[in-house]
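Before any comments, here is the structure.
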Amino acid sequence: MASFSVPSSMKGVQMQRVGGPEVLQYKTDLPVPVPGNGEILVKNDYIGINYVDVYWRTGNMGVAPNGIIGREAEGKIVSTGPGDVDSLKVGDRVVWLSLGGYAEYTAVPSSLAFPVPANVEPGIAAAALLQGLFALSLVEKITQVKKGDWVLVHAAAGGVGLWLCQLLRAQGAKTIGTASTAEKLTLAKDNGADYVINYKEENDLVARIQEITQGYGVDIIFDGIGKDQTANNVHVVAQHGTIVTYGMASGFPGQAPYRELAAKKARFVGPGESSLMRNIGGEFQQWCAKLFDIMTKHNIAVRVHGTYPLSEMRKVHEDLEARKTTGKVLVTP
Ligand SMILES: NC(=O)c1ccc[n+]([C@@H]2O[C@H](COP(=O)([O-])OP(=O)(O)OC[C@H]3O[C@@H](n4cnc5c(N)ncnc54)[C@H](OP(=O)(O)O)[C@@H]3O)[C@@H](O)[C@H]2O)c1
């Protein structure tokens, strides 16, 4: 069995309090975690960044142990704790979805780690896992998109957005993507959006969507923006349609005009963190296998916007919040 020497201290980004990007402190002397019962210790090579990290930083998601946030990374198992760690062993390349990713080493439950398939290039598993799993769960679990459905995807050039565009293309849906720049709209279109709208420039988003759908509206709306789109979503959802609001990049969703929603017999779904991402019900491994299969089967392009050093985590958060990124941001320790 392979063995690795594990140092006692490591590089990482720690928060002592919640707040702006300035609370993210780069350190070189953090203690390396010791894996507990059923845990593995992973030396992270690529850390996946998600918009949800901003919510953790600002205190909307709870408090991370030791002040280290970060939901996912890819790397090598360097040691295992006592107890059963499934079939994983030291030396295996895994991708994991837990907490404590902004560091060189993370101890994670073995049940939340998945072996990276041999055909997946370095970094791509970390780039794909959270956003890919979430998009897949939106399309297949939270809603069941059918061929020919009209679907509206907000922030279509973002991490989850580009995944949705590609999965919806594979499903045969008619997708309308929104984004804030011409470059982002092109990207959304290249990844499968049939129609695109710049929601920063379009004065009447609702009228434009009604025009595209010839007055029908959209069957399903995927919205990670929240506040800015709450009213528009209700106006454009079709009879018996579904609005899924799963994020709040522009702020908490506002008050929806419920009378209109009720008149349309539309459904409003607001999933918090998807249960499969916390392995509630033991579904995590099964969905990871499905995700990597789909990546191969549908030739999914996992777009990496950029790879930043761990010491520049503040800039990563600044760029995310300034809407400068598309697809996925990675960080290397
Ligand atoms: N519930 C869950 O379990 C779960 C899981 C994954 C993701 N999410 C949510 O899904 C959303 C997308 O996540 P992601 O990681 O893929 O991020 P992302 O889409 O890559 O980045 C956020 C995008 O939101 C758009 N945006 C619109 N208004 C904004 C504003 N006022 N401030 C900042 N950005 C704004 C920007 O695109 P434009 O410039 O094109 O407007 C920006 O690039 C987030 O809200 C995230 O929290 C939820």
| query | Can you find a residue in the range 129-146 that is at pLDDT 95 or above and assigned to a strand (DSSP E or B)? | reply | no
| Does any residue in the range 309-333 that is within 25 Å of Gly192 (Cα to Cα) come within less than 6 Å, Cβ to Cβ, of a residue that is in a loop (DSSP other than H, G, I, E, B) and of a type in the set (A, V, I, L, M) six or more places away or on a different chain, and which pairs are these? | Thr326/Ala157
| message | With the requirement that a residue be surrounded by fewer than 23 Cβ atoms within 10 Å (Cβ to Cβ), more than 15 Å from the ligand (Cβ to nearest atom) and not in a loop (DSSP other than H, G, I, E, B), what does the range 151-183 give you? | response | Arg169, Ala170, Gln171, Lys174
| Residue list for the range 99-110, filter: out of contact with any Phe, Trp or Tyr (no Cβ under 8 Å at 6 or more places or on another chain) and either surrounded by 24 or more Cβ atoms within 10 Å (Cβ to Cβ) or at pLDDT below 95 (or both) | Gly101, Tyr102, Ala103, Tyr105
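Restricting the search to the range 237-255, which residues are over 17 Å from the mean Cα position of the chain (by Cα) and at pLDDT 95 or above?
Val237, Ala238, Gln239, His240, Gly241, Thr242, Ile243
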| message | Take Val139 and tell me if it is open to solvent by 20 Å² or more (accessible area, probe 1.4 Å), closer than 24 Å to Ile280 by Cβ and aliphatic (A, V, I, L, M). | response | no
| task | Could you list all residues from the range 43-76 that are more than 16 Å from the ligand (Cβ to nearest atom) and assigned to a strand (DSSP E or B)? | result | Lys43, Asn44, Asp45, Glu74, Gly75, Lys76
| field | Condition broken by Thr325, with the remaining ones in (1) near the ligand (Cβ under 9 Å from one of its atoms); (2) among the β-branched types (Val, Ile, Thr); (3) in a strand (DSSP E or B) satisfied | value | (3)
| query | Looking at this structure, is Pro82 open to solvent by less than 50 Å² (accessible area, probe 1.4 Å), part of a loop (DSSP other than H, G, I, E, B) and of a type outside the set (Gly, Ala, Ser)? | reply | no
| remark: Within the range 184-212, restricting to residues that are free of Cβ contacts under 8 Å to residues at least 40 places away in the same chain and polar (S, T, N, Q), the one that is surrounded by the fewest Cβ atoms within 10 Å (Cβ to Cβ) is Asn203
| request: Can you confirm whether the range 213-223 contains a residue that is open to solvent by 70 Å² or more (accessible area, probe 1.4 Å), more than 10 Å from the ligand (Cβ to nearest atom) and touching a residue at least 40 places away in the same chain (Cβ under 8 Å)? | output: yes
| Cβ-Cβ below 6 Å, separation at least six or inter-chain, first residue in the range 241-253 and on the phi > 0 side of the Ramachandran plot, second crowded, with 19+ Cβ neighbours inside 10 Å and not aliphatic (A, V, I, L, M): which pairs? | Gly251/Gly226
| task | Residue by residue through the range 1-57, note down the ones that are closer than 21 Å to Met248 by Cα, surrounded by 15 or more Cβ atoms within 10 Å (Cβ to Cβ) and not hydrophobic (A, V, I, L, M, F, W, C). | result | Pro21, Gly48, Asn50, Tyr51, Asp53, Tyr55, Arg57
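Quick grid of which residues meet (1) closer than 20 Å to Val234 by Cα; (2) among the charged types (D, E, K, R); (3) modelled with pLDDT of 95 or more:
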residue: Ile176; (1), (2), (3): yes, no, yes
residue: Glu183; (1), (2), (3): no, yes, yes
residue: Ala188; (1), (2), (3): no, no, yes
residue: Val196; (1), (2), (3): yes, no, yes
residue: Lys200; (1), (2), (3): yes, yes, yes
| request: Find the residue count for the range 305-332, including only residues that are open to solvent by less than 50 Å² (accessible area, probe 1.4 Å) and either among the aromatic types (Phe, Trp, Tyr) or within 26 Å of Phe114 (Cβ to Cβ) (or both). | output: 14
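The values are calculated or read from the model by the stated rules, or taken from the named source; none is laboratory data. These numbers come from a predicted model, not from an experiment. Quick reminder, even Gly has a Cβ in these numbers, built from the backbone with ideal geometry, and neighbours come from all protein chains shown. Note: areas computed on protein heavy atoms with side chains; ligands, DNA, RNA excluded. Shrake-Rupley method; radii C 1.70, N 1.55, O 1.52, S 1.80 Å.
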